[in-house]
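Notes follow once the structure below has been shown.
Nothing in this text is a laboratory measurement; each read-out follows from the coordinates by a stated rule. Keep in mind it's a predicted model, so treat the numbers as computed, not measured.
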Amino acid sequence: MEALDAAVEVLHEAGEPLHWTVIQDRALRAGHLDPFTSPNVRRELLSALRRGVSDGVLRSAGRGVYELAAPTER
């Protein structure tokens with residue numbers, strides 16, 4: 001799973017804004033991110049979160065805290 005997709009999934013499941021470290025932890029625990037296939041999960045996730053904000057998928061809700069830009073239907 002791509003890092004941005006993993007972040008969106010974690011944020012959708014949480015239903016609230018989360019700090020990037022919590023997003024990373026939950027994505028790793030859920031198996032959305034694999035530290036064995038990605039040599040630098042932290043860098044990949046932070047880059048994906050910035051890209052998500054610039055693309056309008058995510059919104060910054062504070063320093064290091066992210067939320068979904070719009071509620072998603074699932």
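Figures for the structure shown
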read-out	value
Whole-number percent relative contact order across segment 3-68, with pairs defined as alpha carbons under 8 Å at least 6 apart	41 percent
P(r) of the chain over all Cα-Cα pairs, binned every 10 Å from zero, in whole percent	22, 60, 18, 1
